[in-house]
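Input: a single structure, listed below in structure tokens.
The values are calculated or read from the model by the stated rules, or taken from the named source; none is laboratory data. Every value quoted in this text rests on a predicted model; they were computed, and no experiment measured them. Cβ sites come from the backbone with ideal geometry, for glycine too, and all protein chains shown count toward neighbours.
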Amino acid sequence: MPLILHNTLTRQKEPFVPLTPDHVRLYVCGPTVYDFAHIGNGRPYVVFDVLNRLLRHLYPKVTYARNITDIDDRIIIAAQKNNEDISLLTQRTTEHFQDDMKAIGNIPPTIEPHATAHVSEMIEIIQTLIEKEHAYEKDGHVLFSVKSFPDYGQLSRCQHDEMIAGARVEVAPYKRDPEDFILWKPSEAGIPGWESPWGYGRPGWHIECSAMSSKYLGETFDVHGGGQDLIFPHHENEIAQSQACYGPKTFAQVWLHNGMLTVNGEKMSKSLGNFITVHQLLEKLPGEVIRLVLLSSHYRQPLDWNEQIVVQCRQSLDRFYNALRGRDLSQEKPTPCESVKAALEDDLNTPLALSALHDLVSRLHKSSSEEEKNQLAATLKASGEWLGLLQQDPEFWFKGKTGIDENKILELIEARKEARKQKKFLEADHIRDELLKSGIHLEDTPQGTLWRQQ
Ligand code: AMP
Ligand code: ZN
């Protein structure tokens, strides 16, 4: 079956045809690093991790770029509030983010570009936009002229007036039209900034993704993803900037948007204060339970976070790992179950894929042949991998802390410390990643490295 994806541009499910058959290019808007990610933020990264895994199984090469927004007014405010150096804040938060993402089973993207390392590329695009009369400068600000781009609104399909009312756009003296959006703004002394043709300043948020996606994936690429809340204005503006700069060709061919994670029906967000961070949750839940909850409903639907769904997902994992326990899983390259593959190929239907995993377990329980049971267990594990699930040792899943050799962990922590001292960072990261695979999470604190079970 061909891969089918729902394209927000057309509002339809379409067969996916990569621009270059043997190389798929995927871009996902990454986090703004000023605080811990909440589980709502975790949802797109888990959903697009499943897409990344699927693409890797289906195509010879995938480049997955996910940026780190490390310049933003929220970062400046948080650093002032904490009385902390901005680069220390963004570095610390980026590391926490990366750790949290690994702990919930995500494979790191191929490339994770930092916005602050790409300001010269942003300046170049802004200059081209000014030359092509899609942007103008006023009082140290550079703005994109929405009226200069007749296709504006193609993704969000809203009328300009509605969009402006909805987004409560700022009316400012330096704007020709209220809907025009910032590409560059001045920075006062003491605020991060870069020299530019328009003075000392910093980029707007939207231009970051246009610059980093074109640099790493090309002016036109296959898939762009993010949460539904980014459709307008962020993604609409990315399209306008990139198409106005690079010509009429399509920016991203397919746009994928995940639904919102809610609490009591309300979007989980920092501003509403109704959030739980991934970090906090990992204190009491295995990362795999969090991941399963995030995959338990279809990615385009809303998903409500509650105690009941957490309990159900933990029970499902108990059932899966129980089926794997004591089985011979050493089969040479076991193939995944066809129905799991087919469900994922149908616009990432993870609930259907999960029910196919449950069917495998039911078949395993019904079978009276040891050989068939082993085969079904191997298929279960191989299919779980497509979803980023079931890769732990089943004994570990059940035994938890009691099965851990604490001395061994301390030895590895010591070996990592030594590797870091000798600047063998790859080796140090490898030790940390291996421990993480066994569910052991390391945290570097001023008192030394602490460990905990996920
Ligand atoms: P931010 O760091 O706020 O830019 O958000 C990072 C990602 O999380 C974006 O793709 C957002 O669309 C997504 N996101 C934020 N809140 C939620 C939520 N409650 N549910 C699902 N996705 C969300
Ligand atoms: Zn973006």
Among the numbered conditions (1) more than 12 Å from ligand 1 (Cβ to nearest atom); (2) outside any helix (DSSP H, G or I), tell me where residue 241 comes up short.
(2)
Here are the criteria: (1) out of contact with any helix residue (DSSP H, G or I) (no Cβ under 7 Å at 6 or more places or on another chain); (2) modelled with pLDDT of 95 or more; (3) not aliphatic (A, V, I, L, M). Tell me which single one residue 241 does not satisfy.
(1)
Among the residues of segment 328-373, write down those that are surrounded by 14 or more Cβ atoms within 10 Å (Cβ to Cβ) and out of contact with any helix residue (DSSP H, G or I) (no Cβ under 9 Å at 6 or more places or on another chain).
347
Considering residues of segment 293-317 that are surrounded by 14 or more Cβ atoms within 10 Å (Cβ to Cβ) and of a type in the set (D, E, K, R) only, the residue farthest from residue 46 (Cα to Cα)
314
Residue by residue through segment 247-305, note down the ones that are in contact (Cβ under 8 Å) with a residue 24 or more places away in the chain and of a type in the set (S, T, N, Q).
250, 253, 258, 262, 264, 269, 277, 280, 296, 297, 301
Is segment 380-403 home to any residue that is surrounded by fewer than 13 Cβ atoms within 10 Å (Cβ to Cβ), of a type outside the set (S, T, N, Q), more than 30 Å from residue 257 (Cα to Cα) and modelled with pLDDT of 90 or more?
no
Qualifying position, being in contact with a helix residue (DSSP H, G or I) (Cβ under 7 Å, 6 or more places away or on another chain), more than 16 Å from ligand 2 (Cβ to nearest atom) and either over 26 Å from residue 25 (Cα atoms) or modelled with pLDDT under 95 (or both), among 263, 278
278
Could you tell me whether any residue of segment 44-54 is within 16 Å of ligand 1 (Cβ to nearest atom), in contact (Cβ under 8 Å) with a residue 12 or more places away in the chain, in contact with a helix residue (DSSP H, G or I) (Cβ under 8 Å, 6 or more places away or on another chain) and closer than 30 Å to residue 85 by Cβ?
yes
Residues located in segment 36-74, provided they are part of a loop (DSSP other than H, G, I, E, B) and either within 16 Å of ligand 2 (Cβ to nearest atom) or at pLDDT below 95 (or both):
37, 67, 70, 71, 72
